[in-house]
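Before any comments, here is the structure.
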């Protein structure tokens, strides 16, 4: 899709700031969960689980954070020990993904990635208008 951040270009954070459509609900604090993020962190178990159950690769899950729009909401239901979020986004190939994640030590840690449900796709499509 576009040029990725790198030497002589925007920093990861600057690049994300310009491209993120951050959706807030009543229960979300007005702060950007990606503020200060510098990359991704993966657990080997989650890599295998996402591929085995959902056929979602780690690079597809990462791609949605670089494409717009990107819808991010707090996931209060699953935030037992740390803040959790979910993102609705599109891969470079046009696949619509739901990605559950947290942020640890300035890294986006993907917990799960799968295709969006019909309801999630409708929410995502509304942000494009």
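The values are calculated or read from the model by the stated rules, or taken from the named source; none is laboratory data. Keep in mind that what you see is a predicted model, and the values were worked out from it rather than measured. Cβ: placed from backbone, ideal geometry, glycine included. Neighbour counts: every protein chain shown.
Might you check whether a residue that is under 21 Å from residue 44 (Cβ atoms) and either in a loop (DSSP other than H, G, I, E, B) or under 10 Å from the mean Cα position of the chain (by Cα) (or both) occurs anywhere in the stretch 73-80?
no
So in the stretch 83-108, with the set limited to residues that are within 18 Å of residue 55 (Cα to Cα) and in contact (Cβ under 8 Å) with a residue 40 or more places away in the chain, which one is farthest from the chain's Cα centre (by Cα)?
92
Out of all the residues in the stretch 95-115, is one or more in contact with a strand residue (DSSP E or B) (Cβ under 8 Å, 6 or more places away or on another chain), in a loop (DSSP other than H, G, I, E, B), crowded, with 18+ Cβ neighbours inside 10 Å and modelled with pLDDT of 95 or more?
no
Inspect all residues belonging to the stretch 84-91 and state whether any of them is within 21 Å of residue 44 (Cα to Cα) and in a loop (DSSP other than H, G, I, E, B).
yes
Among the residues of the stretch 33-56, count how many are in a loop (DSSP other than H, G, I, E, B) and without any contact (Cβ under 8 Å) to a residue 24 or more places away in the chain.
2
Would you check if residue 122 is at pLDDT below 95 and loosely packed, with under 11 Cβ neighbours inside 10 Å?
Yes: the conditions hold for residue 122.
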